[in-house]
Each structure stands twice: as structure tokens, then as C-alpha cells.
Amino acid sequence: MLDEIIKSCKYVSNNSKSVKINEIELNKFIETIKKVETKHWLSFSPYNLLDLPTETIINFLLIYESIDFSFWGSPKWTIDTDNGKEDGSIALLYAILKYVKDKNTTDFSNITKDEFREILKGNIEIPLFEERYKITTNVSRIVNEKMNGNFYEFIKNITTDTELIEVIVNYFQNFKDERTYNDKQIYLYKLAQLLTSDILHIRELRESIKVDYSHLVGCADYKIPQVMRGLGILEYSSDLADIIDNRKEIEINSKYEVEIRANMLVVIDLIKKKLENKVCSIDINDYIWSQGRNKTIKLKPYHLTRNTNY
């Protein structure tokens, strides 16, 4: 599956009309990152996540990353936390984690819609609330019915990305992240790769076991293409740039959306090859994502596509 992702994305990149890779700027950027150093985000233990048993963390991540998508809007969905106001992924993490700690469970199979709405209560209703509710309850039901109620126990003997992502995608259809481009199937699997990476990183950190996440390709979202564009690595046609810069929505499965996401992954693959495969793609992915906080990079708006994949 992971081989199919980069293969299909290269097809898109080779045929792109609205998104191009500037190899001169790419090579300049690579000169600045001969050594990629980035700590995995979970190692910082947001909201004391690492205080929980490893089993609970893994079961929590399955639920959380099933619905970790599409937070943009005006105003943005925001909640009150112990550290003040939060929005986006961190707000979602806080809300779901608080429920898990308060109720001492990662089973959401029987939660009512009103209870779920209360968990995610903020200044406005979270975008795609209905979809998030259906996914959350369905994921828990699958764990109960097909994994004896414990996702961690089901996958605890798996330590490679190629095997783990297959389990995630085959059991949980909500992780299916595919598009069509010139009548060809394009594979992206953003959240499935993110979950695979996070599970393996956490187990490596907490259980001191040998894991392999070297085959992961990258997480095609909206933030990383934004950073790549700010660096001059990704260039957009005038039509696409106008749509994004004026914060107009791009339709899911449109050529614009597919070209942005696919070229992003191809850039990561090119960086990996130019660094002689000494750095994993997922670590390059995380490093570029972290550059979104680099104030020296002038960022233009990110693309807006309402969907359940990122």
C-alpha cells in the first residue's frame, strides 16, 4: 500500500498543470537541512498524555486520529482548556482525552449524540460534527466486535509500518483516503499514516522496542503544502493561487486538491532521496510541518477543502 501511495502521487506530479515543484528552491532548502532533527510531537506529552498507560494511549489515539480533520472556519471552533483557549487538533485532543480520563474508558460505542456534542462543546459546533460522531461510534463498535474490545492488544505484536497500516485501513473504512485523477486511482492515506507513525513512535518511546516506520511516505494535509509554498518549493498557477489567497473553498477530489496533496508527498520523497535515504520520510514530514511556526517564512493562506481525510 505504501509503495502505491508514492507511485500514484508521482503520476499526478508528472501531469500537474496547476502545481509545480521548483527544484532550485528545493535544493536550497535541502542545503539547510543536511541534518534533520525533530522530536516526535507526542514526546512533549500534550495535556499529560504520557501519564497514561501505553495501552490507553494507543486506544485513545485510534479514536482521536479517526476524527482529527477539517477544523478551519470563521470563526474557528475553539474550546476552553486548562491552558486557556485552544483550537484545531490540540483542542480535539484535549476534549477527547479529558473524557477518557474522566470516564476511565476509550469505548465510545454507546455514547449518545448529545453526550458527544457536550464533549466537543466550544464557541461554535465543530465542523462535520455528524461525521465525527458516526466515525467515533463506529470505530469503537469495530474494536468491540472484531478486536475483543482492545485495539492495543490486537496490534501489539505488530512493529512495522507496512503491516500496521494494512490493519488500520482494512478494519476501519474511515481511514480510506483516495482520489481519482485522469481516471486513475490516487492513494494518500494521511490519517492512516499519522496513526501508524504515532503508534510506533509511542511504543518505541514507552516500551523500548525496535519499530520500523521507514516506509511511511508523509501526511498530505493543508499545513505542509502551505509551508512548501512559503519556501518557494511548491508553485501554484495564477488561478489556483487566486482561489487559495482569497480563501475560497476547493472542491474535494478536484484536480487542484489532488495536485496540491500529491506534489507535497513527491517533494518529501525527493528530499529523502537527496539526503541519501538517511532520514525517514515521516521525519522530514514532521520537520517541515514544524516550520509552520518559523516566523522567517512568509506564509500565505492554506487551501480549504472540507473533508474527513485531513
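The values are calculated or read from the model by the stated rules, or taken from the named source; none is laboratory data. Note that the coordinates shown come from a computational prediction; the quantities given were computed from them, not determined experimentally. Using ideal geometry, Cβ is built from the backbone for each residue, glycine included, and neighbour counts are taken over all protein chains shown. These accessible areas exclude ligands, DNA and RNA; they are computed on the full protein's heavy atoms, side chains included. Shrake-Rupley method; radii C 1.70, N 1.55, O 1.52, S 1.80 Å.
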> Of the residues that sit in the stretch 286-310 and are among the aromatic types (Phe, Trp, Tyr) and in a helix (DSSP H, G or I), which one is most open to solvent (accessible area, probe 1.4 Å)?
Replying inline: Trp289
>> Here is a list: Trp72, Trp77. Which entry is in contact with a helix residue (DSSP H, G or I) (Cβ under 8 Å, 6 or more places away or on another chain), at pLDDT 95 or above, open to solvent by less than 40 Å² (accessible area, probe 1.4 Å) and not basic (Lys, Arg)?
In response: Trp77
> Looking at the stretch 3-17, is at least one residue modelled with pLDDT of 95 or more, farther than 23 Å from Val139 by Cβ and part of a loop (DSSP other than H, G, I, E, B)?
Replying inline: yes
>> Anything in the stretch 122-161 that is in contact (Cβ under 8 Å) with a residue 12 or more places away in the chain and at positive phi? List them, or say none.
In response: Leu128, Gly149
> Which one of Ile155, Ile135 is of a type in the set (A, V, I, L, M, F, W, C) and either closer than 24 Å to Pro53 by Cβ or open to solvent by 30 Å² or more (accessible area, probe 1.4 Å) (or both)?
Replying inline: Ile155
>> Cβ contacts < 8 Å: first residue free of Cβ contacts under 8 Å to residues at least 24 places away in the same chain, restricted to the stretch 260-275; second residue β-branched (Val, Ile, Thr) and outside any helix (DSSP H, G or I), any location; separation 6+ or different chain. Result?
In response: Lys272/Val279
> Given the stretch 73-178, what helices (runs of 4 or more DSSP H) lie entirely inside it while holding 2 or more residues that are closer than 30 Å to Val12 by Cα?
Replying inline: 88-103, 129-146, 161-171
> Could you list, in sequence order, the residues of the stretch 25-69 that are among the charged types (D, E, K, R), part of a loop (DSSP other than H, G, I, E, B) and open to solvent by less than 40 Å² (accessible area, probe 1.4 Å)?
Replying inline: Asp68
> Quick one: how many residues across the stretch 162-178 are open to solvent by 10 Å² or more (accessible area, probe 1.4 Å), among the charged types (D, E, K, R) and in contact (Cβ under 8 Å) with a residue 40 or more places away in the chain?
Replying inline: 1
